[in-house]
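*Asks:* Below: one structure in structure tokens.
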Amino acid sequence: MLELDRVVKHYRSGGEVVRAVDDVTLTVAGGEMVALYGPSGSGKTTLLQLAAALLTPDAGSVRFDGRDVGAFGGDEADDYRRLDVGFVFQEIELWRGVSAQENAALKLVADPVPWKQARKQAARWLERVGLGHKLDEVPEHLSGGERQRVAIATALANEPRLILADEPTGSLDSRRGRDVLELLRAIARERGAAVLLVTHDPQAAEIADRVHTLRDGMLLSEAPEPPLPARRALDAAS
Ligand SMILES: Nc1ncnc2c1ncn2[C@@H]1O[C@H](COP(=O)(O)OP(=O)(O)O)[C@@H](O)[C@H]1O
Ligand SMILES: [Mg+2]
């Protein structure tokens, strides 16, 4: 579903060129969850932004369902992000003074989903991330971990087929972190969504279908794992 083929992204800073993403080839199929590990500065956020059409590659291609995401014009890129992509940003952005439920619902009304239905859908996703009792709270009254879960519910509320998550468990304790990772995997399975997340969370290695490591913009390794169909058969048998 998501296919990155020999993708390169440079930044020019001062006189220097930073190869933030350096010849990366990576596919995430529908139903699959792929985790990217990598130290700070290794290109993880840049890679997600390329997949979300927030950046365009300098070389190589980014495709979603066969469409050339890197070649999208402004409107196409907007539609792609609005309809196909759920992005959980590293820096959580919520509307101050607006309840958790309305924060998550606001993403949907642009779709356009009627407000009443948007609120209902938002409530359903907040319940799934364990915040059903905090629908009316404003972000200022939520903990960092709760705000992170609101951001996750917001990203999922439009039922995207591609979920991109930048350190979605960064401010969660390990149990909440595991819940979020398992939720993302469940969504991949249930809806055939493709999930690509970057993380420092060691639990992701067990929960994701595949794990890659990025270093200096290059994709280094893939943990040896049985291919997905075999893995599913094992899951079904256990
Ligand atoms: N807008 C930018 N301008 C210049 N350099 C950037 C910019 N964004 C990121 N970089 C550089 O690109 C590299 C990869 O950054 P990033 O994708 O944010 O990595 P990560 O998310 O793994 O920390 C780093 O060396 C970073 O300093
Ligand atoms: Mg980053």
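The values are calculated or read from the model by the stated rules, or taken from the named source; none is laboratory data. Small disclaimer: the values here were computed from a predicted structure and weren't measured. Virtual Cβ from ideal backbone geometry, glycine too; neighbours counted across all protein chains shown. Only protein heavy atoms, including side chains, enter the accessible area calculation; ligands, DNA and RNA are left aside. Shrake-Rupley method; radii C 1.70, N 1.55, O 1.52, S 1.80 Å.
*Asks:* Only four residue types carry charge here, +1 at the Cβ of Lys and Arg and -1 at the Cβ of Asp and Glu. Report the dipole size of the chain about the Cα centre in Debye, rounded to the nearest 20.
*Replies:* It comes to approximately 480 debye.
*Asks:* Grab the beta carbon distance between GLU182 and LYS120, set R0 = 30 Å, and tell me the FRET efficiency rounded to 0.05.
*Replies:* 0.80
*Asks:* What are the extents of the Cα atoms of region 80-139 along their three principal axes, listed from largest to smallest and rounded to whole Å?
*Replies:* 31, 28, 22
*Asks:* For the chain, modelled as a GNM with alpha-carbon contacts under 10 angstrom, which of GLY217, GLY60, GLY31 fluctuates the most?
*Replies:* GLY60
*Asks:* Related question: Using the heavy atoms of the protein chains alone and a 1.4 angstrom probe, what is the accessible area of the chain per residue in square angstrom?
*Replies:* It amounts to 47 Å² per residue over the chain.
*Asks:* Related question: Treating the angle as unsigned and between 0 and 90°, give the value, to the nearest 10°, between the Cα long axis of helix 228-237 and the longest Cα principal axis of the chain.
*Replies:* 40 degrees
*Asks:* If you line up the long axis of helix 100-109 against the longest principal axis of the chain, both from Cα atoms, how many degrees apart are they, to the nearest 10?
*Replies:* Long axis of 100-109 versus the principal axis of the chain: about 60 degrees.
*Asks:* Please check: in the Gaussian network model of the chain (C-alpha springs, under 10 Å), which one of GLY30, GLY43, GLY66 has the largest mean-square fluctuation.
*Replies:* Comparing GLY30, GLY43, GLY66 in the GNM, the peak value goes to GLY66.
*Asks:* Measuring from centroid to centroid over Cα atoms, what is the spacing of region 68-110 and region 160-221 in Å?
*Replies:* Centre-to-centre distance over Cα atoms comes out at 19 Å.
*Asks:* Let me ask you something else. Could you tell me what percent of the DSSP beta bridges with both partners in the chain are antiparallel, to the nearest 5?
*Replies:* 55 percent
*Asks:* Given the chain reduced to its alpha-carbon atoms as identical point scatterers, what log10 I(q)/I(0) does the Debye formula return at q = 0.07, 0.09, 0.11, 0.17 Å⁻¹?
*Replies:* One equal scatterer on each Cα of the chain leads to -0.22, -0.37, -0.56, -1.29.
*Asks:* Given 0.36 nm per residue, what is the gain on full extension from ARG19 to VAL138 after removing their alpha carbon distance, in nm?
*Replies:* 38.8 nm
*Asks:* Which residues does a label at SER61 reach in region 15-29, if reach means a backbone N under 14 Å from a point 7 Å past the Cα toward the Cβ?
*Replies:* 26
*Asks:* Using R₀ = 45 Å, calculate the FRET efficiency as 1/(1 + (r/R₀)^6) where r is the Cβ-Cβ separation of ARG96 and ARG189; round to 0.05.
*Replies:* About 0.80, to the nearest 0.05.
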